[in-house]
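The values are calculated or read from the model by the stated rules, or taken from the named source; none is laboratory data. Predicted, not measured: the structure shown is a model, and the values here were computed from it. So basically every Cβ, Gly included, is an ideal-geometry build from the backbone, and we count neighbours across all protein chains shown. Ligands, DNA and RNA are excluded from the accessible area calculation, which covers all protein heavy atoms including side chains. Shrake-Rupley method; radii C 1.70, N 1.55, O 1.52, S 1.80 Å.
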Amino acid sequence: MLTVGLTGGIGAGKSEVSRLLVEHGAVLIDSDRIAREVVAPGTPGLAAVVDAFGPDVLAADGGLDRPRLGSIVFADPEKLAVLNSIVHPLVRDRSRELESAVPEDAVVVHDVPLLTENGLAPLYDVVIVVDASPGTQLDRLVRLRGMTEEDARARMAAQATREQRREIADIVIDNDVPLDALRERVADVWDGLARRARQGSAGAE
């Protein structure tokens with residue numbers, strides 16, 4: 001098995017890269033998706049979040065009011081750290097559970113938005129950073145996700161810098177390019193990952 005940590009700044013296009021890797025045969029473990037699962041209604045994770053931030057972070061249906069919680073934690077690093085201390089261990093445990101069920105020769109891609117910020121690079125055999133210029137990120141967040149420019153800039157500022165992400169990268173995928181060029185780059189990256197996974201599996205036999 002080859003474990004890959006995939007990360008990138010908000011709006012860099014990491015989700016598109018992960019989708020393309022899955023098309024090639026990667027097993028995707030999506031930290032964002034798991035983070036939603038572990039704070040779903042009725043879970044101990046949601047109860048812990050409510051204990052920490054109060055019932056105002058609940059929506060009318062009993063689920064987590066994510067915009068409300070986001071407005072609280074992204075404006076206060078200490079509160080963001082509290083939220084992370086609740087959610088991250090739950091995500092880590094569930095990720096390990098999912099990883100344990102995949103074949104030995106698999107390429108397992110962990111989509112981890114805050115990989116750089118949380119110092120998680122050593123956990124993976126390979127770290128891939130999807131990179132885009134701040135201007136491209138801002139345009140995508142405003143034009144495609146409907147964020148205000150102020151909100152988009154705040155989200156970008158709350159993350160690691162472009163330079164910090166590139167420092168931990170084994171592979172950088174430039175996503176300031178047309179989709180066809182991105183597809184070609186991902187295909188090349190996949191060939192190398194699959195080769196390493198096969199070699200690792202053969203060596204373990």
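Does any residue in the range 159-180 that is under 17 Å from Leu123 (Cβ atoms) come within less than 7 Å, Cβ to Cβ, of a residue that is in a loop (DSSP other than H, G, I, E, B) and open to solvent by 50 Å² or more (accessible area, probe 1.4 Å) six or more places away or on a different chain, and which pairs are these?
Filtered contacts from the range 159-180: Ala160/Glu117.
Please go through the range 64-78 and pick out each residue that is open to solvent by 50 Å² or more (accessible area, probe 1.4 Å) and either part of a strand (DSSP E or B) or aliphatic (A, V, I, L, M) (or both).
Ala75
Looking only at helices (runs of 4 or more DSSP H) that fall completely inside the range 132-182, which ones have 3 or more residues that are surrounded by 15 or more Cβ atoms within 10 Å (Cβ to Cβ)? Explain how you work it out, then say what you get.
Numbers: elements: 134-143, 149-157, 162-167.
Once the helices (runs of 4 or more DSSP H) in the range 132-182 are filtered for at least 3 residues that are surrounded by 15 or more Cβ atoms within 10 Å (Cβ to Cβ), what remains is 134-143, 149-157.
Which condition number does Asp32 fail, the rest of (1) out of contact with any helix residue (DSSP H, G or I) (no Cβ under 7 Å at 6 or more places or on another chain); (2) free of Cβ contacts under 8 Å to residues at least 40 places away in the same chain; (3) open to solvent by 30 Å² or more (accessible area, probe 1.4 Å); (4) not in a loop (DSSP other than H, G, I, E, B) being met?
(2)
Restricting to the range 36-54, count the residues that are hydrophobic (A, V, I, L, M, F, W, C) and out of contact with any Gly (no Cβ under 9 Å at 6 or more places or on another chain).
Step one: list which residues in the range 36-54 are hydrophobic (A, V, I, L, M, F, W, C), which gives 38-40, 46-50, 52-53.
Next, only the ones that are out of contact with any Gly (no Cβ under 9 Å at 6 or more places or on another chain) stay: 47-50, 52-53.
Total meeting the criteria: 6.
Tell me which residues, restricted to the range 79-102, are part of a helix (DSSP H, G or I) and over 23 Å from Ala47 (Cα atoms). Working first, answer last.
Of the range 79-102, the ones part of a helix (DSSP H, G or I) are 79-99.
Across the range 79-102, the qualifying residues are Leu98, Glu99.
Only one residue in Arg19, Arg36 is among the basic types (Lys, Arg) and at pLDDT below 95, so which one is that? First the steps, then the outcome.
Numbers: Arg19 fails: at pLDDT below 95.
One residue alone meets the criteria, Arg36.
Among residues belonging to the range 1-17 that are open to solvent by 10 Å² or more (accessible area, probe 1.4 Å) and polar (S, T, N, Q), point out the one that is farthest from the chain's Cα centre (by Cα).
Thr3
Would you pick out the residues in the range 170-205 that are of a type in the set (Gly, Ala, Ser) and either at pLDDT 95 or above or under 22 Å from the mean Cα position of the chain (by Cα) (or both)?
Taking the range 170-205 first, the residues of a type in the set (Gly, Ala, Ser) are 181, 187, 192, 194, 197, 200-204.
If the condition is that a residue be of a type in the set (Gly, Ala, Ser) and either at pLDDT 95 or above or under 22 Å from the mean Cα position of the chain (by Cα) (or both), then Ala181, Ala187, Gly192, Ala194, Ala197 are the ones that fit.
So which of Asp105, Asp56, Asp61 is open to solvent by 30 Å² or more (accessible area, probe 1.4 Å) and part of a helix (DSSP H, G or I)? Show your work before the answer.
Values: Asp105 fails: part of a helix (DSSP H, G or I); Asp61 fails: part of a helix (DSSP H, G or I).
The unique qualifying residue is Asp56.
On the given criteria, is Gly119 without any contact (Cβ under 8 Å) to a residue 24 or more places away in the chain and under 15 Å from Thr7 (Cβ atoms)? Full working, then the answer.
On the way: without any contact (Cβ under 8 Å) to a residue 24 or more places away in the chain: yes; under 15 Å from Thr7 (Cβ atoms): yes.
Yes.
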